Every structure is written in structure tokens, then in C-alpha cells.
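Have a look at the structure below before the remarks.
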Amino acid sequence: MELPLSLRMAKSVESRYRPGMMAWHYEHGLVLYASLRSADVHGDESVYPWVYSMYDPLIAPDGKISTYREGEYNLDQINAGKTLFALYDRSGEERFSAAADRLHHQLLGQPRCKCGVFWHKEIYPWQIWLDGLYMEGPFTAEYGKRHDDYLAFDDISKQLMTSYELLRDKDTGLLYHAYDESRGMRWSDEKTGCSPHFWSRSIGWYMMAAIDVLDFLPADYKKRGDIIGIINQLASAVIRFQDESGMWWQVTDEGTRGGNYLETSGSAMFAYSLLKGVRSGYLDVSYASPALKAMDGIREKYLREDGSGNLHLGGICSVAGLGGNPYRDGSYRYYISEKIGVDDFKGVGAFILACTEEELHLKQV
């Protein structure tokens, strides 16, 4: 019997990503979390030992995490912590719970903008980046649920809602990549503080954050309806910019403008969010159709099988940021100039998550 595509992709990653190769980094955490999610859905017990073997050398008996430095106050460092909960549940090893406590401790001291939202990193003061909401949001929500901490629910809900209000463009309904409360960055608009363009992966990070946070908020939690409302508004905005191929463009609203390209990670994140939103009852069932079309488009354009039967995924923007040295100005030219990669974990992880949701959806229809 042929494996579901999500598991085939996870197994393909496993074939070339072995113990000792993991770094404590958000994209490594994403692809391992996605692989374990697929395995859980399909009842495949062979993936957990691999995921365990990747984390095992990084987590000391006291919960200290190799290569992790709390003092950087870097939200990207939190995302790999989501799998710690599953590792603790299945192994019973206290070191995994202690490691999650260390990450939580960072967030207790994480610098914040005056509006209450975390700085993305200490080296990016007064800045909100959409991806930061995904890097720490679902972790915070699950940690809060496991520790009966309603203040954690209030905090992440407020951060999601405040970020949405600050970064939303009223004309398109899309979210800008980042916001500078100080207006000190050259990329920030003097009036709005926002960066100048819509980057599909950043919007995808935010959508996944909102969808996944809801997994842990109590059913009667007062802000659930507000977050579901945001998901509906953003889903409506996003599908307006879907290409006829089913995919979305690197710069979301620029279509076939010179240099723009159909990008895999953002497309997979949108597909995941739409399908999970439908499955969870947050979105109307009509949103499943554009999501399934997106998955078809990704497979047709960028998914390849090698001679050994392993899968490879292309069309993935390797990175896009703002500021720094050399300076990234957030211009259209900048977003289309970054390297396009194959098998980049940011795209592969999102694709595995989207495939898993697609497989769940097809079981229900």
C-alpha cells in the first residue's frame, strides 16, 4: 500500500537528514513537527524514533538546549520547542519539559513594543514581524494550556489581534511583512510604520499561527470569536490574489510583474490554513476548493521524484528579512532577488502540514 504523500515527504526528509544534523532553528523544528504530525494522523510509529533521535543530542538532562541562547531574545528560537511537548509525553523524560520551561522563561523577559507585541529579536528593536507570531504563538498557547495559565491565552490573543490591526492594509485586506513602532528603519512607512510590500510566506506564517493557537484556547474563551473573525477576513483577502495555477506569488499582490514567481512555502501555508480552517469549522467549506487547487499547483510545478523514489520540492524562497547588514530594504526588487531553493525546510515543512490537512479533508468527503 502506497504511503500518503505527507508521509512520503517526511520519509524523504528522513533519508537525507540524520541524527547529529539538527540545529536549534525554527525551520528544523518546523519540518520535524510537521513529520510527526503526519505520522500521528496516519498512525505511523516509525517517525517518532527518528524525531527523538534528532532532538536527543541537543537536550541535556537539566533541559539546557545546545546552541540556544536565551539572551538573544530571538522569537525564531521558540518554534523548535513545540515538539518538546510530544517528546515529553511519549518519553516521560523530564529534560524535555525542562527545555520547554527554558523557552518559556525567555518569553517572560522578551522585550515588547509599547503596543504589547514582542520585538522579533533583540537586534530588531521595536519591530513586529509576522513570522514571530508563528514562532512563539502556538508554543505559548500550548504551554498555557498545560499549565492552566489563562494569562498566556490573553497575551497571545492580544498579540495576534494587535498585530493584525497594525499590519493590515485596508484596501487589499493583506498584511504587510513587518512593522516598526519607532519608525527608525528606512523600510518603514512614516505614517503607518509598515514595510512596503506583501510577502506571501509572512502572511502564511500569521495565518498558521492564528489557526494553530485556537487548538489550545478553551472552547468558551472570550477571544476565540475575534481570532476566528480575523481568519475569515484574511482568508477572503488571500484568495483574491490566487493565481490560476492554484499557487500564490512571492510578492502576493504583484502577479506577473517582472521577476515575481509562484512560491511554494507561502502557497503551502495558505493551503494548510484554509483546509484546517474548514476542518475545524472556522471557515466555510467553499474555502477547501482553492486550497486543493493550490496543492495541485505545487505538485505539478515543483514536486519531483528522484531515481531512489525520494521526493524533492522546489520553488522555495530561501529567506527574506528586513534591515540588518547588508541592509534589506523591503523593496519589490529585494523580495524577488533572494535565492530560490530546493528542499528548504521552510517549504517542505509547510508542504507536509498542508498534505496532512489535504489527506484529512479527503477522508471526510
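Read the figures in this text as sums done on the coordinates, not as results from a lab. Just so it is clear, the structure is predicted and the values come from calculations on it, not from any experiment. Every residue, glycine as well, gets a Cβ built from its backbone with ideal geometry; the counts of neighbours run over all protein chains shown.
List, in the order given, every pair from Lys145/Lys191; Lys82/Lys114; Lys11/Lys82 whose Cα-Cα distance in the structure shown is over 30 Å.
Working: Lys145/Lys191 38 Å; Lys82/Lys114 27 Å; Lys11/Lys82 20 Å.
Long pairs (Cα-Cα over 30 Å): Lys145/Lys191.
Computed extension length for Arg257-Ser280: 4.7 nm, one decimal, from 0.36 nm per residue of separation with the Cα-Cα distance subtracted.
Summing Lys, Arg as +1 and Asp, Glu as -1, what charge do residues with Cβ under 13 Å from the Cβ of Pro290 carry, Pro290 excluded?
Values: positive: Arg240, Lys293; negative: Asp243, Glu244, Asp284, Asp296, Glu358.
Local net charge: -3.
Taken over the stretch 89-136, the alpha-carbon convex hull comes to 88 cubic angstrom per residue. Packing-based ranking of 258-268, 4-14, 117-127 yields 258-268, 4-14, 117-127, ordered from highest to lowest mean Cβ neighbour count within 10 Å.
In terms of the mean number of neighbouring beta-carbon atoms within 10 Å, the peptides 48-58, 344-354 order highest first as 344-354, 48-58.
Can you tally the net charge around Thr192? Count Lys and Arg as +1, Asp and Glu as -1, for every other residue whose Cβ sits under 13 Å from the Cβ of Thr192. The partial results should precede the final answer.
Values: positive: Arg168, Lys170, Arg183, Lys191; negative: Glu165, Asp169, Asp171, Asp180, Glu181, Asp189, Glu190.
Taking every other residue near Thr192 into account, the sum is -3.
Percent of C-alpha pairs per 5 Å bin in the stretch 91-197, short distances first: 2, 12, 21, 22, 16, 11, 8, 5, 2, 1, 0.
Can you give the Kirkwood hydrodynamic radius for the stretch 210-259, in Å, rounded to one decimal and based on Cα pairs? Working shown, then result.
Working: mean 1/r = 0.0771 Å⁻¹.
Computed over Cα pairs of the stretch 210-259, the Kirkwood hydrodynamic radius comes out at 13.0 Å.
Sorted by average packing, counted as other Cβ atoms within 10 angstrom per residue and highest first, what order do 229-238, 28-37 take? Mind dumping the intermediate values first?
Values: 229-238: 19.2, 28-37: 25.3.
Packing proxy ranking, top to bottom: 28-37, 229-238.
Spin-label pair Glu2-Arg112: with each label point 7 Å from Cα along the Cα-Cβ axis, the two points sit 5.1 nm from one another.
Which value, to two decimals, describes the C-alpha radius of gyration of the stretch 51-111 once divided by 2.2 N^0.38 Å?
Numbers: Rg = 11.0 Å, N = 61, 2.2 N^0.38 = 10.5 Å.
Rounded to two decimals, the normalised Rg is 1.05.
Dividing the helix sum by the residues of the chain, where each DSSP H run of 4 or more adds -39500 (n - 2.57), gives a mean residue ellipticity at 222 nm of -16500 deg cm²/dmol.
As a length-normalised measure over Cα pairs under 8 Å and 6 or more apart, the relative contact order of the chain settles at 17 percent.
What the Kirkwood sum gives for the chain is a hydrodynamic radius of 20.5 Å, with every pair of different alpha carbons counted.
For the stretch 1-101, taking the reciprocal of the average inverse distance between every pair of different Cα atoms yields a Kirkwood hydrodynamic radius of 13.9 Å. Taking the stretch 334-365 and a reference point 7 angstrom along Cα→Cβ of Thr67, the backbone N atoms nearer than 20 Å belong to 341-350. Legend: P(r) of the stretch 135-183 from all alpha carbon pair distances, 5 Å bins from 0, whole percents, reading 4, 20, 22, 18, 15, 11, 7, 2, 0.
Multiplying the residue separation of Val319 and Ser91 by 0.36 nm and subtracting their alpha-carbon distance yields 78.7 nm. Here the stretch 270-310 is scanned for amide nitrogen atoms under 15 Å from the site 7 Å beyond the Cα of Asn232 along Cα-to-Cβ, giving 277-287. A Stokes-Einstein calculation at 37 °C with viscosity 0.692 mPa s, built on the Kirkwood radius of the stretch 164-253 over Cα pairs, returns a diffusion coefficient of 231 µm²/s.
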